[in-house]
Each structure stands twice: as structure tokens, then as C-alpha cells.
Amino acid sequence: MNFPKDFLFGSATASYQVEGAWDKDGRTMSIWDTFCRTPGAVRHGHTGDMACDQYHKYPEDIDLMYRAGIRSYRFSLAWPRIFPKGGSIPNPAGIDYYNRLIDALLDKGITPAITLYHWDLPQELQDSGGWTVRKTAENYADYAAFCFKTFGDRVETWITLNEPWCSSHLGYLHGEHAPGIRDRARAYRAVHHLNLAHGLAVQRFRSMNMKGRIGITLNLSTPRPATRHPEDLHAADRAADGQSRIYIDPIFGKGYPQRHLDIEPAVSMPVEPGDMEIIAGPIDFLGLNYYWEDAVRYEASAAEEFVIVPSHHKKTAMGWDIVSEGLYRQIRWVHENYGPLDLYITENGAAFPDRLDESGTACHDPERTEYLREHLRVCKRLCSEGIPLKGYFLWSLLDNFEWAHGYTKRFGIIYTDYGDMRRIPKDSYYFYRDVIAGTEPL
């Protein structure tokens with residue numbers, strides 16, 4: 001297959017999207033519990049109260065991973081399950097759940113990869129300002145250090161944050177995600193404090209002499225130019241500032257992209273002495289979540305000098321263009337501008353309108369299978385070119401709660417029946433199994 005022998009094939013989920021048990025065993029409210037109860041915030045008023053009930057059904061999910069040959073499971077910890085109300089007193093029942101999950105994975109030979117923060121901030125910390133205040137980053141560092149100490153004897157792969165752009169921009173600028181705020185100045189304060197939280201967690205990891213590796217997962221935007229006109233090349237470069245460089249540049253010691261901040265005169269990044277050095281602490285790997293690529297052209301009247309233009313590409317149920325070559329371009333861009341560094345695709349997948357067949361025991365999803373085939377071909381190509389791409393985590397293991405879309409979008413390679421919580425492997429599950437086994441030509 002031309003994948004390196006140690007290439008890591010994994011799958012991924014997030015705590016609020018799959019766990020359920022939102023008020024069980026000492027877990028308290030997160031910002032997503034609150035947001036879901038805000039009228040009109042989530043499609044059909046759906047909540048993650050039950051989600052996929054992985055809190056109770058994790059042994060079945062682990063068995064399904066094992067039968068597919070999946071070698072690593074990327075999952076996130078629910079901060080309010082470990083520290084109720086965002087306080088400093090740990091919750092034994094929450095810790096016990098994650099200990100059981102980790103041990104069950106290891107018993108099956110599946111490597112746990114933990115994301116410390118996948119958006120479920122304790123509500124009490126939001127009430128005190130959330131990511132707009134520095135104290136939240138400091139609280140996060142304490143939470144991260146506790147997790148390193150508690151689980152680090154068995155967990156060697158740590159991801160500080162998942163997609164901080166979504167936390168800051170979708171949460172504080174556009175209001176589409178929790179906490180549902182629309183305020184530009186607060187959004188950019190959140191940008192810096194999320195970056196700082198990452199840096200503080202890495203700093204704690206190093207000071208504790210933890211074994212294993214630590215990195216971060218970003219959802220970069222690296223659009224292609226609509227034409228080869230110089231102005232469109234410039235537009236594509238500018239388009240990478242607001243979602244990509246504002247996160248990746250500080251991590252690699254390049255500071256914030258000044259030309260992006262220059263168009264935001266009302267924005268003041270709350271940088272204190274030493275912050276940028278903390279944010280630039282060395283990481284062991286970079287995780288990239290890739291779903292689609294836009295095309296852009298130059299537009300002088302636009303604040304950032306670009307606009308997204310239509311394309312011919314097929315689209316997923318989310319309306320996202322299917323552009324596997326965009327994954328190739330993005331990985332090359334990261335490697336050439338920020339490498340050499342081990343890279344992982346920590347999420348890649350697609351939503352389609354899946355249905356069970358008449359028997360209710362199978363789900364045929366040829367569009368997803370083709371999507372995965374195209375993107376895995378790109379991964380193989382990147383590896384063959386010597387790019388240090390070390391692994392691929394498919395999103396998602398299960399159909400689950402898709403944030404503001406509720407349960408209306410299905411990303412899983414395993415169909416979740418939300419009525420009785422049955423798990424039904426889709427055709428794409430068997431495809432991925434065969435890819436991992438090395439018996440499926442790409």
C-alpha cells in the first residue's frame with residue numbers, strides 16, 4: 001500500500017458529541033449544555049444529553065474498533081466531568097470513567113490519544129468570562145496538569161486543544177457555537193487566551209517530565225486561488241491569515257499576522273510579557289483537521305481582500321466541497337512553512353444522508369467510501385514523497401451530535417440508531433477495515 005509500517009490508522013470522537021450522561025456521576029453543565037437549551041441555537045432543539053451514550057456503551061464501541069483493526073482512538077475528556085463546575089476538586093466518578101475507558105482500549109491493543117479540550121468548557125468558567133479572560137487559560141493549565149498526572153502513566157499522546165478557531169470565532173464572533181456570543185473584541189481576546197492555554201499546557205507537560213508527546217489540533221483554512229492572476233494569488237495568501245496564521249504562527253514563534261490585525265482597529269490582543277514565548281513552546285507533533293478547500297479571488301472592497309467563489313466540486317451533506325487535492329496542498333504548505341515536524345490528520349471525513357436498508361441491519365454509503373478512498377490516496381502520496389505524515393484519524397467512528405446541526409448530519413462509519421442506540425457498521429467501516437489490513441487497493 002506504500003504506507004509506512006508504523007503509520008497509525010485511528011478514529012476520533014469528542015466527549016459532548018458521544019458520551020451522553022450529561023448529569024450523571026457528578027458531571028456538571030458545560031457551555032454546550034447551556035447553548036443547546038437556548039431556543040433556536042441548535043436544530044430541532046436537539047441536545048447532547050444522550051448523544052451516543054458512549055458513557056455506558058464504550059465496551060461495544062471499543063470492540064467495533066478492534067474488529068476493524070483501528071490502532072488508536074482519539075477522544076476528548078469532558079472538563080466538567082473531571083472538575084465539576086470548573087472548580088479545583090476532582091470528581092472520582094468522572095476519573096473512574098476515563099480510567100475504565102483507557103484501560104479497556106489498552107486491553108484491546110488500541111492506543112488512546114487524548115484531546116484535553118474539545119469545546120465543553122464548564123459553564124461556571126463561562127459565567128466568569130470564559131475564554132475572554134486570562135484566568136480561564138490558567139484554570140485550563142491546572143486541569144491539564146491534573147490529567148497528565150492522573151492518566152499519563154498509560155496515555156502517551158496528548159492534544160491540548162481541538163480547533164481553537166471554532167472556539168473563538170464560531171463561539172464569540174459568529175455566535176454559531178457555544179457560548180453563542182457575537183462580539184469581535186471578545187472573540188480576539190479568546191483567540192489569545194486559547195493560544196496561551198495551549199502554551200501553558202505544553203509548559204506544564206515539560207516541567208512534569210511526562211513521557212510521550214504533546215501537540216495541538218488546528219483546522220486550517222488554506223484556500224486555493226481561483227486563477228493564476230497575481231491578485232488572486234495574493235487573495236489566497238491573505239485568506240490564510242484569519243483562520244490559519246493567527247494560530248499556527250504564534251505556535252512556531254512567528255507572532256500574530258500583523259496585516260490581519262491591522263484591519264481590526266477595534267481589536268486589542270491581550271498579550272502580556274512572556275506570553276508569546278510560552279505559546280511558542282516546542283511541540284512534538286501537529287494535528288490537522290481537514291474537510292474541504294475553498295477557492296478565493298481578490299476583492300479590493302473586502303476587509304481581508306478576498307471572497308470565496310463557486311466551484312464545480314461535489315459537496316457533502318454539510319455543503320462542503322469535496323477536494324481531496326486540497327489536503328495535499330495544505331499538508332505541503334504546512335510542511336514547507338513550519339516543518340520539519342511530525343504531522344497527523346486528526347480528523348477527516350464527510351456527512352451524507354445515510355439510511356439503513358430495508359432489513360435495518362446494513363447501511364450502504366458509497367459516497368463516504370469514495371471520499372475516504374480519495375483522501376487516503378493523498379495520504380499515501382504524501383508519505384511516498386517523504387512528508388512526515390505519521391497517522392490518520394477518521395472522523396467519525398460513530399454518527400453523533402453534530403453541534404448546531406443536532407442529529408441531522410451523520411459523519412460516522414458506524415450508524416447510530418438514536419432510538420435504541422444500536423450500532424450498525426456501514427460499508428465505509430468495512431472499507432476502512434480493509435485499508436488498515438492492507439487488502440484494499442487505493
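The values are calculated or read from the model by the stated rules, or taken from the named source; none is laboratory data. Just so we're clear, the structure is a prediction, and the values are computed from it rather than from any experiment. Ideal geometry is used to build each Cβ from the backbone, glycine not excepted, and the neighbour counts take in all protein chains shown. The accessibility values were calculated without ligands, DNA or RNA, using every heavy atom of the protein model including side chains. Shrake-Rupley method; radii C 1.70, N 1.55, O 1.52, S 1.80 Å.
Values as computed for the structure displayed
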item	result
Among 166, 387, 319 the positive-end extreme of the charge dipole of the chain (Cβ point charges)	387
Apportionment of accessible area to carbon and sulfur, the stretch 166-218, percent (1.4 Å)	43 percent
Whole-number accessible area per residue in Å² for the chain, which is evaluated in the context of all protein chains at 1.4 Å	38 Å²
The stretch 314-432 - Rg over Rh from alpha carbon coordinates, Kirkwood radius	1.03
Length-normalised contact order for the chain - Cα pairs under 8 Å, 6+ apart - percent	18 percent
Dmax and Rg, reported as Rg then Dmax, of the stretch 34-76 (C-alpha, Å)	14.8, 42
For the stretch 133-229, convex hull of alpha carbons as volume per residue, Å³	137 Å³
Ranking by accessible area, most exposed first, for 320, 158 with a 1.4 Å probe	320, 158
The stretch 153-205, Rg to Rh (Cα coordinates; Rh as Kirkwood inverse mean 1/r)	1.11
Compactness of the chain - radius of gyration and Dmax, Cα, Å	20.7, 63
Cα-centre dipole for the stretch 182-252 with unit charges at Cβ (Lys and Arg positive, Asp and Glu negative), debye to 20	420 debye
Simple Cβ-charge dipole of the chain, Lys/Arg +1 and Asp/Glu -1, about Cα centre, in debye nearest 20	500 debye
Aspartates and glutamates with Cα under 14 Å of residue 5, excluding same-chain neighbours fewer than 8 positions away	none
Reach of residue 314 by Cα under 25 Å, taken over lysines that are not fewer than 8 positions away in the same chain	380, 409, 426
Relative contact order (percent, whole number), the stretch 219-301, Cα cutoff 8 Å, 6+ residue spacing	47 percent
Residue among 89, 122, 181 farthest towards the positive dipole end of the chain, charges placed on Cβ	89
q = 0.23, 0.34 Å⁻¹, the stretch 269-313: log10 I(q)/I(0) [Debye, one scatterer per Cα]	-0.83, -1.19
Square roots of 5 times each gyration tensor eigenvalue, C-alpha, the stretch 266-379, largest first, Å	34, 22, 15
Residue 315 accessible area, assembled protein chains, probe 1.4 Å, Å²	100 Å²
Rounded Å value of the spacing that divides the Cα centres of the stretch 94-165 and the stretch 298-322	34 Å
Dipole magnitude of the stretch 83-194 about its Cα centre (Cβ charges: Lys, Arg +1; Asp, Glu -1), debye to nearest 20	340 debye
229, 234, 375, ranked by accessible area, largest first (probe 1.4 Å)	229, 234, 375
Carbon/sulfur fraction of accessible area - the stretch 244-296, other protein chains in place, 1.4 Å, %	55 percent
Inter-label distance for residue 234 and residue 25, nm, one decimal - labels placed 7 Å from Cα along Cα-to-Cβ	5.7 nm
DSSP beta bridge pairing in the chain, given as percent antiparallel to the nearest 5	20 percent
Ellipticity estimate at 222 nm from DSSP helix runs (n ≥ 4, -39,500 (n - 2.57)) divided over the chain, nearest 500	-11000 deg cm²/dmol
Highest-MSF residue in the chain out of 276, 210, 50 [GNM, Cα springs under 10 Å]	210
The stretch 1-137: radius of gyration over Cα atoms, expressed as a fraction of 2.2 N^0.38 Å	1.15
Area projected by the alpha carbon convex hull of the stretch 388-442, averaged over all directions, nm²	5.2 nm²
Carbon + sulfur, % of accessible area of the stretch 1-75 - ligands and nucleic acids excluded, 1.4 Å	51 percent
Evaluated at q = 0.16, 0.22, 0.26 Å⁻¹: base-10 log I(q)/I(0), Debye formula over Cα of the stretch 357-401	-0.60, -0.87, -1.01
When the stretch 1-78 is reduced to its Cα atoms, the Kirkwood hydrodynamic radius in Å	14.4 Å
Net charge, residue 428 excluded, C-beta distance under 10 Å - Lys, Arg +1, Asp, Glu -1	-1
